[in-house]
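Structure incoming, see below.
Readers should treat all values here as calculations from the given coordinates under stated rules, not as data from a laboratory. Note that the coordinates shown come from a computational prediction; the quantities given were computed from them, not determined experimentally. Because the Cβ atoms are built from the backbone with ideal geometry, glycine has one as well, and the counts that use them run over all protein chains shown.
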Amino acid sequence: INSAIISKSGGNVGIGFAIPSNMVTSIATSLIDSGKFTRAYLGVTIADISEDMSSFYDENYGALITGVEDNSPAAKAGLKRGDLIISVNGKKIESASELKNTIGSYAPQRVVNIKFLRDKKIDIVNVTLATLDSKIVAGEFEYKGMKLSEITPAIKQQLGLTIEGVIVKEVDQNSEAFDSGVRKNDIIIQVENNEITTLDDFKRATATQNKKRFFIYRRGGIFAIVL
């Protein structure tokens, strides 16, 4: 579906940009069914394969993995830096942008079959995609627009805390978390009936995508929200 053109005068010079129709269909279906769209997350940084690099793979197409995030779906499936992804669910992947669009067209928790090259040998893994609302980054956890971390002794001393939980390090002002009332330095102490003391506790308590009751400590008081 055409979305934009290159033009200096307002006229069409024959160069345009488009959104893949299957992605539009996926987004529209999700919006109709649930009122929102959540992108699936693989957890890799990727690049196109150069002509010089292609000799190491005997292929001149695909998406070259240049980095794998810790604890991501890709890492759990065994994908590594240097792997060349050449197909997803049987669909040939020509470039890095095509891999992004393909993964983005799937719903979180979808299991996809990824074919890749490593040391000029083809291998296949099944990967369970996660959601961008809850990705793990180096000892932190991102969930619905807020970045969480565990409460270290230094944080306890700095904020004068005696309570257990996970702390909100940042919260995006345009996020679902912010709209629900979450603010920086809030302490999440319980989700539904699950007491929270570590990030692992929080991840287990929020493993499903349905709305939940969050109990939050702020400035000596405790309040509840739905998120």
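Do the alpha carbons of any pairs in Lys169/Lys211; Lys121/Lys203; Lys76/Lys169; Lys76/Lys120; Lys91/Lys211; Lys100/Lys156 sit beyond 31 Å of each other, and which pairs?
Table pairs above 31 Å Cα-Cα are Lys121/Lys203; Lys91/Lys211; Lys100/Lys156.
Then there's this: Compute the signed sum of charges (Lys and Arg +1, Asp and Glu -1) over the other residues within less than 11 Å, Cβ to Cβ, of Val171.
On the way: positive: Lys144, Lys147, Lys169, Arg183, Lys184; negative: Glu142, Glu170, Asp172, Glu176, Asp179, Asp186.
Combined, the nearby Lys, Arg, Asp and Glu give -1.
Okay, next question. Going by a ≥ b ≥ c, the root eigenvalues of the Cα gyration tensor, does region 139-226 fall in the rounded group (a/c under 1.5), the prolate group (a/b larger than b/c) or the oblate group?
Cα axes put region 139-226 in the rounded bin.
Between Ile32 and Gln157, what is the FRET efficiency for a Förster distance of 35 Å, r being their Cβ-Cβ separation, to the nearest 0.05?
Values: r = 50 Å, r/R0 = 1.43.
Efficiency, from the Cβ-Cβ distance: 0.10.
Please give the length that would be gained between Asn174 and Asn194 if that part of the chain were fully extended, namely 0.36 nm times their separation in residues minus their C-alpha to C-alpha distance (nm, one decimal).
So the extension gain works out to 4.5 nm.
Under 17 Å from a label point 7 Å along Cα→Cβ of Ile122: give me every residue in region 44-61 with its amide N that close.
In region 44-61, the label zone of Ile122 (backbone N under 17 Å from the point 7 Å along Cα→Cβ) covers 57-61.
Same structure again: How charged is the neighbourhood of Asn113? Take every other residue with its Cβ under 14 Å from the Cβ of Asn113, and add Lys/Arg as +1 and Asp/Glu as -1. Present the calculation step by step, with values, prior to reporting the outcome.
On the way: positive: Lys91, Lys92, Arg110, Lys115; negative: Asp123.
With Lys, Arg at +1 and Asp, Glu at -1, the net is +3.
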